Amino acid sequence: MNPFIFITKARKTRNTRNIRNTRNTRNTRKPETQVKPEALLPMQVLNLPPYAAKVTCRDGKRMIFDKLRRKYVSLTPEEWVRQHFVNYLTVHMGYPSSMLANEVELSIGQKRLRCDSVLYGLRAEPRMIIEYKAPTVSLTQKVFDQISVYNLLLHVDYLIVSNGLLHYCCKMDYDNQKYLFLEGIPSYENI
């Protein structure tokens, strides 16, 4: 089994009607932008179900379509994990994409923070925080401390941390001031 997925370059399109109106030359097509060799490097296979990610190159940089933000974003190893995990939650675990948000901004005084993903409940209350790391990043206490800071503001029921290879899910028990590590990610109907 090949441990990597190779990303291919998509063709760049443009509006040729405007070009014909403004130029009267035979060759109105611009040459495609050159792709930097590092833009074609493979992305690591994750411990998540594969899916047909929409990946393209723009100005020599790889971009991936984020279905929650409805736009192409820079394809980093962490973004690769985020898109696979969101796909896993929505397609395989029954989470409604309308209840999920990526890059949720939080404020503590003058300091601005960003949660990687937040799941909201029916009354728009935060229910789950998800923190992603690149596959090469170990899930250390520092990562759990980071998501705990977000939870001080949002007070959610579930915390998930994933680097695409390992996934940890905790259910918060505020009455007894503790948390319980779950054996897997709960389906939407079980949260």
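The values are calculated or read from the model by the stated rules, or taken from the named source; none is laboratory data. Values in this document were obtained by computation on a predicted structure and should not be read as measured data. Note: ideal-geometry Cβ built from the backbone for every residue, glycine included; neighbour counts use all protein chains shown. Side chains are part of the model used for accessible areas, which takes the heavy atoms of the whole protein and leaves out ligands, DNA and RNA. Shrake-Rupley method; radii C 1.70, N 1.55, O 1.52, S 1.80 Å.
Given a 1.4 Å probe, how much area per residue of the stretch 114-191 is accessible, in Å²?
Here the per-residue accessible area is 57 Å².
Ordering 179, 51, 132, 88 by accessible area with a probe of 1.4 Å, largest first, what comes out? Before the final figure, lay out each step's value.
Details: 179 130, 51 65, 132 0, 88 45 Å².
The ranking, largest first, comes out as 179, 51, 88, 132.
What order, most packed first, do the peptides 100-107, 180-187 have when packing is the mean number of other Cβ atoms within 10 Å of each residue? Mind showing how you got there, number by number?
Numbers: 100-107: 15.0, 180-187: 12.2.
Those peptides, ordered most packed to least, come out 100-107, 180-187.
Carbon and sulfur: what percent of the stretch 126-191's accessible surface (1.4 Å probe)?
51
Please check which bits of the stretch 138-155 a label hung off residue 179 would reach, taking the label as a point 7 Å along Cα-to-C-beta and the cut-off as backbone N under 14 Å.
Counting backbone N atoms under 14 Å from the label point, the list is 139-155.
What does the extension gain come out to for residue 54 and residue 111, with contour length at 0.36 nm per residue minus their alpha carbon separation?
17.2 nm
Cα-Cα over 25 Å: which of 111/133; 61/133; 54/142; 67/178; 61/142; 54/133?
Over 25 Å apart, Cα to Cα: 54/142; 67/178; 61/142.
For residue 123 and residue 145, what does the FRET efficiency come to when R0 = 25 Å and r is the distance between their Cβ atoms, rounded to the nearest 0.05?
It comes to 0.30.
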